[in-house]
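So the structure is just underneath, and the comments pick up after that.
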Amino acid sequence: MKNLIIILVALFPALVWGQIDRSIRPTAGPAPTINIKNSEVFKTSNGITVILSENHSIPKVSFDLVMDSDPILEKEKAGLANIAGEMIKSGTSNRDKDKLDNEIDYIGASLSADQNSIFLSCLSKYTDKGLELMTDILFNANFPQSEFDRIVKQYESGLKAQKSNPGQMANSAKSKANFDNSHPYSEIMTEESLKNISLEDVNSYFKTVFTPKGSYLVVVGDINLEQTKELVEKYFVSWDGPAAYVNNTLKAKPANGGQVYFVNKPGAVQSVVSITYPIDVIPGSKDEIGMSVLNNLLGGSGFGSRLMQNLREDKAYTYGCYSGFNIDENGSTFSAGGNFRNDVTDSAITQILYEIGRMSKEAATDEELELIKSSMAGSFARSLERPQTIARFALKVTKYNLDKDYYTNYLKNLAAVNKDDLLLLAKKYLSAENVNIIVVGNESIINNLKPFDSNGKIEKLDAFGAKVVEIVAADITADKLIEKYILSVTESSSMKSAKKKLKKIKSYTKISELSAEQIPFPLQMTDVWITPNKEGNKMEAQGMTFNKSYFDGTSGGSSSMQGGKVKLSDDEIAKKSKSKGLFPELNYSTSGMIYSLKGIETIDGNPMYKLEYSDGESSNIDYFDKTTFLKMQTISTKKQGDEVVSTEMTFSDYRDTEGIMMPYSVSLAIGPMILVGTVKEIKINEKVNLDSFK
Amino acid sequence: MKQLLCLCALLIFTQNGHAQKKIDYVEYDLPNGLHVILHQEKTTPIVAVSVLYHVGSKNENIGRTGFAHFFEHLLFEGSANIERGEYDKIVESNGGTLNANTSNDRTYYFELMPSNQLELGMWLESERMLHAKVNIKGIETQRSVVKEEKRQRIDNQPYASFITEIFKRVFVNHPYNWVPIGSMEDLDAAQEADYVNFYKTFYVPSNATLSIAGDLDIAQTKEWVQKYFGSIPSGQAINLYRDFENLSDEDFKKTYSLDKSAFDAKDFLNSRDPQAKKLIAKELSNPTKINRPENYKGKMTTVIKDTVYDNIQLPAMFISYNFPNESNPDFYALEMMNDILSGGNSSRLNKTLVEKKELAVNVFSFPYGMEAGGVGIFGTIGSNGANLDTLLLEFDKQISTIQNELVSQEEFEKIRNQKENDIVSSNSTIAGISENLANNYVYFGSTNRINTLLDGYMKVTKEDIQRVAKKYLTQDARLILYYLPKDNK
């Protein structure tokens, strides 16, 4: 038969060479109609929304049961949800794990579970059996201790392996950079947090999250509505549970300037780069289709995007460079990046930022816009080949209450996106200035990254996104350090002359100007001190006093515009009374301060002595420069009610002021607020009246 | 009870029969040697246009490893009628998508287009086949891109070099000694003559299979096949034409002792000049030749033990055995044996090494069947602190069991069901179908194998599984490759 065909072909007029002009591109035939098949949606009496997408092209069926619970904050038990998800298939009261695994494999099915869902896929002739197994784990999972121990052990190994996987390392860093630590997305399982997770935690997690209320059952494949209804009735309606878990405190961490996060991967030949920040948008937003066009133009899936053309096709920095909006009901983000060989990592970042910035400055060309829209329309049409797509559409429409015709009108709405829309969206959602820049790579390139960081302070993270503290043992004692510090600030060669010098200083008044991005006008701060321990502080702006405080040796208090007047407690007075002198460090040994020298930590390449001290109320860390012994930074943490408040002060620009070295630049960070201060004036031994601070 | 259960299961099985969907297709050869396969599937208005060139890394010369894959990248650079950078744009701006991949044995290009752009897809592939064009900027860019691909996929990923390391040791004096990504040095060494020769030798219609699937009209598609691919010259005439397009007058004359002006640029094959006519006739009947040595040696004959030090935290172990070519009838049984050992959670190796003994984080294996040889690879990443010698001991126990005992009826039925599920799933997209059709034709000489694959597995008996386990899982000829953290060195 095959030979016959060949003969027939050979009989055709030998060659038609002259008739074809190859320089003419074939034109398109009439556009095919794109039909989106309808999905059936119905709700069960126990609160499950069932979505059915029928497709009989292959004899397979799948059931995806997805919970409606919000993510849960795990704190010191970060990773609990992963362990719980992993445990779901560990056996039931009817079948131990071996039996369960055997029965799943026996029908050639795939049954998987994670922290939020259970998924079954099997040949349609085994649907009944598959559902019996699926609901057995849903209703009767019994979480045996032995399996828990085994899975924890597996995770211990997995965490170890994670330290060599650059993609995972970058993801951990991204989570930490983009989300506040009150947000579950910022939580990363570590060796430490894994130890804190117990079997009871797993049990209670499962009970909280796996409930029919608000859940979705997405059914796809070789099954009809009647069969689906029957099976749902048979297997799912007897299921009961509490209302879905709601988490109302899902805070992102808006990026402010450029912040570089570096994760060291020894021996890396490439850097994984991700430029990322949180964005404010939810699924189903009216901006979504436009954002999709915007992203495809910048760095979507095709070869034609700006990032791909610039970084791959023009500069050959990479195999692929992509961007994406991750639109998530619990916290959305933008990210762009790729893998780049070590020596072009910084150039690649420059180019990505350039392309991001260009999006909101230059309108797309007609050609670009048409290319992207056609490519997206094609991709939309291709996606319809998979029945899962239809189901996904239906799920989204139902879950986010979208217009029923959202997907039917998708192509029409896509076609309507214009250049001006894109510019507006770019301004709204894309920034090249306020960005977290994550780099996982070889330590040898870290210095090339400094220019991308607004304050030049690269934050080093470990494989799990935690801050890296590089600390070595100190070569001196705490008391010796304090001595060196005093000698340094008094510019003396002996403690005797230092103390003599300090004795001459009876009082000072320091006036500084503070500014912060969140405050439209500068603040004026006045600090006064009178020997041995009287002090006052006030903050003013535009003729108003916002805040003042004082201590006159026996009593004290503060008053602020919001808080009114507060007196110092007896306890506080006792503490203040003990802390004497211009440099209270000199009295640490007698004032009841608990202090110790932790070692030498390298911060931004500068070795610093780290002195920890606590008066029982607040815990503090002072950093002293290893060469000059000057105090460069103080971090204080104090409990206020249930909250821990942390204040970070940075000192620089030390100048001689009547024989004493004083910092003329002081910045203050309280939570997200950063106040940058410059000392305008320091007056020594002039008369000071504390009354104006009371 | 167990037996009863098995009996019931068997009953269900026979009642329902196998679920494989029949794939209809037409196939034929063009006079220039191009093999054409067409499959109509109208569910979604899209088409897949693909061309499989029967050239992979095994056709590379030593010193030029990685060339076939590098060349694949270059063939997106354009043609006589497509400017650099336009190829992707034409596809994407017409609602399509495209890509390619290179294996040890073949290079595969495809476009997925809306069905009304089928002709465009065919034109694009015919341009690539007739007269692809590459300039220096393109070469240098793609050279770097390929190197980045290697860094991203292999050099910078933990354990990712294992295939390279295994092939290096298993296939000695064999063109599978290296893998498609090749080496950085060889990529740098590529010269202009290499590109020209490679294109002229391997990118000819007689070395290609055009497979088109999707929402198409067979008669119309055949017409377009004739128009765009039927017009590509046979034999060496294609290279005469390429030289005519690419060489300077002087070089052309040097090569063919004839002036370019003797040919008609618009209607090349029908040039009127008698000398040109003669030369064209000669080259049309001068077949292109591809040297394909059939029987490579280079199998392992002893136990090889070696260690790779990598940027990893957990140690790993890879055991490899000599396997036959993928077209060897034993391959069906080998794949089923493989499923018994590592297919799914209930598989023997997972149950013992990972779950019961807790010696490993995971275990996986695959029968790597290729056209001119095969290797069975078993890999396992050890648990934190696990001893690899103990792991090997436990692994060997499982190998010895499958060699010495017949698999149970229940296990046997299980893997049959798994295979059925796999095969049903494998033809769920038109992209998958067009690729499977082409592969079956090229590697197995039977396009229809796409429809009989399941039968092949269903013929395998329990005894076959035991037999191939004994024959191929040889204790005295295998590779034991350890991966250890660099700090251990």
Net +/- balance of residues flanking residue A:151 in space, Cβ distance below 12 Å, scoring K and R +1, D and E -1: -2
So if I place +1 on the C-beta of Lys and Arg and -1 on the C-beta of Asp and Glu, and nothing else carries charge, what would the dipole magnitude of segment B:310-375 be about its Cα centre? I want it in debye, nearest 20. 360
Calc'd 3J(HN,Hα), segment B:245-251, phi into Karplus 6.51 cos²θ - 1.76 cosθ + 1.60 (θ = phi - 60°), Hz, glycine/Pro = x, comes to 6, 9, 7, 6, 3, 5, 5
Relative to the Cα centre, what is the charge dipole magnitude of segment B:26-235, using +1 at the beta carbon of each Lys and Arg, -1 at the beta carbon of each Asp and Glu, and rounding to the nearest 20 debye? 420
Calculate, in whole percent, how much of the Cα-Cα pair population of segment B:26-235 lies beyond 26 Å. 37
As I understand it, the value is the acute angle between the Cα axis of helix B:118-131 and the longest principal axis of the Cα atoms of chain B; what does it come to in degrees, rounded to 10? 80
For chain A, give me the percentage of DSSP beta bridges that are antiparallel, rounded to the nearest 5 percent. 90
Separation of segment B:130-192 and segment B:97-118 by C-alpha centroid, Å? 20
Sequence order, segment A:434-443: Karplus ³J(HN,Hα) from phi using 6.51 cos²θ - 1.76 cosθ + 1.60, θ = phi - 60°, Hz rounded, Gly and Pro as x, gives 9, 9, 8, 10, 9, 10, 10, x, 7, 4
If you take the Cα Rg of chain B and divide it by 2.2 N^0.38 Å, with N the number of residues, what do you get? 1.10
DSSP-loop chymotrypsin sites (Phe, Trp or Tyr not before Pro) across segment A:592-694, with at most 10 other Cβ within 10 angstrom: none
Chymotrypsin sites (Phe, Trp or Tyr not before Pro) in segment B:439-489 lying in a DSSP loop, each with at most 16 other Cβ atoms within 10 Å of its Cβ, come to none
Counting every C-alpha pair in segment A:471-693, the percent lying more than 23 Å apart is 51
Out of A:209, A:521, A:196 - ranked by how far each Cα lies towards the positive end of the dipole of the protein assembly as shown, with unit charges on the beta-carbon of charged residues - the top one is A:521
Amide H neighbours of residue A:91 under 5 Å, at least 5 residues apart or on other chains, H built in the peptide plane: list them. A:142
How many percent of DSSP beta bridges within the protein assembly as shown run antiparallel, rounded to 5? 85
So, with +1 on the Cβ of K and R and -1 on the Cβ of D and E, and no other charges, what is the size of the charge dipole of the protein assembly as shown about its Cα centre, to the nearest 20 debye? 1760
With N residues in the protein assembly as shown, Rg(alpha-carbon) / (2.2 N^0.38 Å) equals 1.10
Inter-part gap, Cα centre of segment A:391-439 to Cα centre of segment B:213-259, in whole angstrom, is 45
Diagonalise the Cα gyration tensor of segment A:391-446 and give the resulting equivalent ellipsoid semi-axes, square root of 5 times each eigenvalue, largest first, whole Å. 36, 19, 10
Among the trypsin sites (Lys or Arg not before Pro) within segment A:268-351, which fall in a DSSP loop and have no more than 12 other Cβ atoms within 10 Å of their own Cβ? A:286
Centre separation in Å (Cα based) which lies between segment A:47-96 and segment B:390-404: 35
In segment A:471-693, what % of DSSP beta bridges are antiparallel (nearest 5)? 100
What's the Cα-based Rg to Rh of segment B:306-390, Rh via Kirkwood? 1.03
Students often forget the sequence filter, so: which lysines lie under 18 Å Cα-Cα from residue A:43 once same-chain residues fewer than 8 apart are removed? A:213, A:229, A:234, A:396, A:399, A:404
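FYI, it's all coordinate maths here, none of it is from the lab. Just so it is clear, the structure is predicted and the values come from calculations on it, not from any experiment. Reconstructed Cβ throughout: ideal geometry from the backbone, glycine too, with neighbour counts over all protein chains shown.
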